[in-house]
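This report refers to the structure that appears directly beneath it.
What follows is calculated from the coordinates using simple rules that are stated; it is not laboratory data. Worth saying up front: this structure is predicted, and the values here are computed from it rather than measured. Positions of Cβ are generated from backbone atoms using ideal geometry, with glycine treated the same way; all protein chains shown enter the neighbour counts.
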Amino acid sequence: MSFKDVSLSRRQFLQLSGATGAAALFGSRLTYFTPAVQASPRLAEDGILYGVCDVCSMNCAYIAHLREGRITHLTGNPADQTAEGKLCVKGQAALRLLYDPDRLKYPMKRTNPEKGIGVDPGWVKISWDEALDLTAAKFKEIRDAYGPQALMVIARGQTWQKHFASSLGTPNLVSHNNTCYTSHDVVWRAMVTGKGKTWTVDYEHSKYILAFGWDGLGKSKNHWGRAVLTALDNGARLVVFDPRLSITASKAHEWIPIKPGTDLAALLAMIHVIINEDLYDHEFVENYTTGFEQLKAQVKDYTPEWAASICEVPAETIARIAREFAATQPAVIASHKRDAGGPNYRNSWQTAACFVIMDTLVGSLDRPGGHILDRQPKLPGLRDVWEFPEYPETIKGPRIDGLEKFPITYQLGKGSFSTLAEGILSQQPYPVKAAFVWRHNVLAFPNPGRLVEALKTLDFIAVSDIMPTEIVQLADVVLPDVTYFESLGLSARQYHAVYPQVALKEPLPAVYDSKGFGTVAREILKRMGLDEYAPDGMDGKGLMQAQLAALETTLEEIKANGGVWGKPKPIEPKIEFGTPSKKIELYATLMEEKGYPPLPAWQPAGAQTSEQYPFHLLIWRRPWHRMTQSQNDPILAELQPENGALLNTQTAQKLGLKAGDEVWVESVAGKIRLKAMLTQGLRPDCVAVDHGFGHWSDALSIANGRGANDGDLIPSRTVEQQLAEGDPGVSAMMEDVVVSVSKVVL
Ligand SMILES: Nc1nc2c(c(=O)[nH]1)N[C@H]1C(S)=C(S)[C@@H](COP(=O)(O)OP(=O)(O)OC[C@H]3O[C@@H](n4cnc5c(=O)[nH]c(N)nc54)[C@H](O)[C@@H]3O)O[C@H]1N2
Ligand SMILES: Nc1nc2c(c(=O)[nH]1)N[C@H]1C(S)=C(S)[C@@H](COP(=O)(O)OP(=O)(O)OC[C@H]3O[C@@H](n4cnc5c(=O)[nH]c(N)nc54)[C@H](O)[C@@H]3O)O[C@H]1N2
Ligand code: SF4
Ligand SMILES: [Mo]
């Protein structure tokens, strides 16, 4: 059956998402956030399933509407504090993924020993038993011959993935974190939470929203989009610093096209103004912070005049915005992951520290209208439910991505994509021989070509995925996974968790012959003779039962309660924080202890433009795309056939380019070919590339060959290079990249 039989038609989809023409970019409130009532084509239903959208980490709870055993459409769950009855355009579109005819449908093994881009793997269909036996045998052989560190698990560090890697005894659970948010995480850990960053922001009640690269509206982030628009309706002011006119910037009262990589200077100057002009919240600073005097001394010379020439923003603008921010309450620095405080530039982690300082100075941290420390229920983990031995000591050894050399990120249990390829290729600190990959793709790595070279040196690769993406093309064994529509569990609200709440995930019976990660992991452990780490009854269902018991509820009760557990309650402001002093540490003692600067200081970005590379590379995401996972969607492909090189109109004129001309964008790492797109909403010294395209897997019948991957322009890095940067977040520095642009000569 093709997708057309089961999914929405293009017209229905466009109606639901409101994503028509210009409205898609600059539309009304309904643009990405659809009311539940609207999102219901009227079809006879034969049941519903509660679930949680896993397209992005906002994890909005949905209700899946069934007809003859198939999901016909989704609506947001009104009982969920995140979804509030709505889903965004990405969440709606993802239903087509479930029924995508290109999905992996059964286990396969490779017959062609040669690997690489454009090489046919020569797949043959195999049984689950054969696939699991083969994987376990290879892993056991390699573990016995070289030690557990020769195995690596490339996966997000979730419950089962951590258990699997640790049971194997490998320290190498490698995930994407340093391309995404580790710069924020280390700062929040040191200054506020003792854990990582908090994701909940009470935009709705804010009166002044100040963003440095945050583009929550342009990501169609369901809750935040609505909340910011509601705040604007209620008279809030929105100010956006971004070299590109993002969608959030297009809704703002002011757009300030700051020079890339210089937000740190603007922020230091704002902090200078707020302190020197005595505009800060004395009560909050006195009661809940340490290190104010040191901070005051630190920013003494960072005047707006000093910052102006660095940021190319007038000193009066910087000073005025600082004053407005301090005078309007509550005020908040809008921030998420890959904004100016994300792992994009050498100085981003210090920028992230300034975000925390700004919120603190105006007293909005964990206060209504500000950043809220997520209110989450404590759910039991595997060890709380089952008895199994301590993991082998070897999990504490050195890692192939070198992460243990970055103690704050390491203790947070994160991973580094930027150093993986160089680690494998140099065989430092040891050779790695096999990989199990779950839910990560080659195209997500800086310099993916380098990663392909590295992965080619391994003896064996098993991949659990749902689509035949690029990583699958490098596999020896393919283990088709279930999608989130087909899996069960409980999901604690995290991205908007002003009170503890859990949403239920009820599975649709698997559409294909697939198995979830937990099942696969346990089967491999057993077949490797590591039965003690896979005791009887240890599965997702058992874990969920234990979690329900801990919440003193039952499945029936949750269903009767609209698919959620947890009652709304107002925010009780915290008076203690997770640092050693229990205060917000403006002077971060953990940073000092680990050998990093405890206070932010000006540091230029890593890459400066030159005659050879006159432009800064900016990366952005389309509201409707999900990283590298949605380009095989036929309707989205119709909406946007490929990505492009966004250039300022004047720049294009100077280069003799028109819209649609093919250009080379080139950096020290590589070059990509794209069509030029022109706009006035971009600094003339920038080129902006939207992420997600450049697929080379010919098994992706729609996505293959469209556009190009921004990652080809980003260098991979050695651990030594990363250490020399002195960044506790071991950032991949995704946009510390300068490029040239030239017309393709045919
Ligand atoms: N639609 C959609 N939503 C998504 C995703 C997706 O792929 N698609 N991905 C999800 C994921 S994994 C993540 S991490 C988040 C990322 O979401 P965000 O954290 O919002 O990050 P980006 O989308 O990378 O946008 C970064 C913005 O920073 C701007 N920028 C670049 N350099 C600078 C600078 O030096 N200063 C300033 N002030 N701005 C700068 C860019 O122009 C861009 O507008 O989105 C999530 N949501
Ligand atoms: N050049 C460049 N690189 C980037 C970024 C960028 O903006 N530009 N962004 C960075 C960021 S913020 C992030 S978060 C990372 C994300 O990096 P990744 O997490 O690797 O994300 P994707 O590239 O979208 O690849 C996800 C893979 O998981 C598969 N998949 C999806 N759902 C499932 C599932 O349920 N089960 C299994 N087994 N597989 C599944 C998809 O088919 C795909 O192969 O990329 C980072 N890398
Ligand atoms: S914001 Fe959109 S994509 Fe993300 S979880 Fe919610 S509905 Fe899904
Ligand atoms: Mo991310």
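Between 0 and 90 degrees, rounded to the nearest ten: what's the tilt of helix 128-146 against the longest Cα principal axis of the chain?
70 degrees
Could you work out how far helix 159-168 tilts from the main Cα principal axis of the chain, as a 0 to 90 degree angle to the nearest 10?
The angle comes out near 60 degrees.
Charges on Cβ only, +1 for Lys and Arg, -1 for Asp and Glu, centred on the Cα centroid of the stretch 473-536; of 501, 528, 489, which one is farthest towards the dipole's positive end?
About the Cα centre, the residue reaching furthest to the positive side is 501.
Along the charge dipole of the chain, which of 573, 428, 370 sits closest to the positive end, that is, farthest toward it, with unit charges on the beta carbon of Lys, Arg, Asp and Glu (+1, +1, -1, -1)?
Final value for the positive-end residue is 370.
Take residue 276 and residue 146, extend 7 Å from each Cα along the Cα→Cβ direction, and tell me the distance between the two endpoints in nm.
Each label point lies 7 Å from its Cα, and together they span 5.7 nm.
For residue 743, go through the lysines and keep the ones whose alpha-carbon is under 16 Å away, minus same-chain ones fewer than eight residues off.
654, 658, 671, 675
Rank 265, 308, 468 by how far each Cα sits towards the positive end of the charge dipole of the chain (+1 on Lys, Arg Cβ; -1 on Asp, Glu Cβ) and give me just the farthest.
Toward the positive end, the furthest listed residue is 468.
Quick check of the Kirkwood formula: for the chain, what is the inverse mean of 1/r over all pairs of different Cα atoms, in Å?
Across the chain, the inverse of the average 1/r is 26.5 Å.
Can you give the FRET efficiency for residue 724 and residue 384, using 1/(1 + (r/R0)^6), R0 = 45 Å, r = Cβ-Cβ distance, to the nearest 0.05?
0.60
Given charges of +1 on the Cβ of Lys and Arg and -1 on the Cβ of Asp and Glu, with all other atoms neutral, how large is the dipole of the chain about its Cα centre, in debye to the nearest 20?
My answer is approximately 1140 debye.
Let's see if you can work this out: charge +1 on each Lys and Arg Cβ, -1 on each Asp and Glu Cβ, no other charges. What is the dipole magnitude of the stretch 199-372 about its Cα centre, in debye to the nearest 20?
Roughly 660 debye, rounded to the nearest 20.
Rank-order 595-607, 417-429 by packing density, defined as the average count of other C-beta atoms within 10 Å over each peptide's residues, highest first.
Output ranking for 595-607, 417-429: 417-429, 595-607.
Need one number for the stretch 199-372: average projected area of the convex hull over its C-alpha atoms, nm².
With every direction weighted equally, the projected area is 8.7 nm².
Using 0.36 nm times the number of residues separating residue 404 and residue 130, minus their current alpha carbon distance, what extension gain do you get?
Roughly 95.0 nm would be gained on extension.
List the GluC sites (Glu not before Pro) in the stretch 517-552 that DSSP assigns to loop (not H, G, I, E or B) and whose Cβ has at most 16 other Cβ atoms within 10 Å. Which are they?
552
Do me a favour and compute the ellipsoid semi-axes for the stretch 491-599 from its Cα gyration tensor, root of five times each eigenvalue, largest one first, whole Å.
Semi-axes (√(5λ), whole Å): 37, 26, 13.
7 Å from Cα along Cα→Cβ at both residue 68 and residue 300: what's the point-to-point distance in nm?
So the label points at residue 68 and residue 300 sit 7.8 nm apart.
Can you return the lysines within cross-link range of residue 405? Criterion is Cα-Cα under 25 Å, with same-chain partners fewer than 8 residues away left out.
Within the straight-line limit of under 25 Å, residue 405 reaches these lysines: 162, 195, 197, 337, 396, 414, 433, 594.
How would you order 678-685, 449-456 from highest to lowest mean count of nearby Cβ atoms within 10 Å?
So the order, starting with the most tightly packed, is 449-456, 678-685.
Measuring from a point 7 Å past the Cα of residue 425 along Cα-to-C-beta, which residues in the stretch 667-687 have an amide N at less than 13 Å?
669-670
Using only the Cα atoms of the stretch 139-187, what semi-axes does the equivalent ellipsoid have when each is the square root of 5 times a gyration tensor eigenvalue? Give whole Å, largest first.
Ellipsoid half-lengths, sorted descending, are 26, 11, 8 Å.
Can you tell me the equivalent ellipsoid semi-axes for the stretch 615-743? Use √(5λ) from the Cα gyration tensor, largest first, whole Å.
Calculated on Cα positions only, the semi-axes equal 25, 21, 13 Å.
For the stretch 267-334, which trypsin sites (Lys or Arg not before Pro) pass both filters: DSSP loop (anything but H, G, I, E, B) and at most 11 other C-beta atoms within 10 Å?
When the trypsin sites (Lys or Arg not before Pro) of the stretch 267-334 are filtered for loop state and at most 11 Cβ neighbours within 10 Å, 300 remain.
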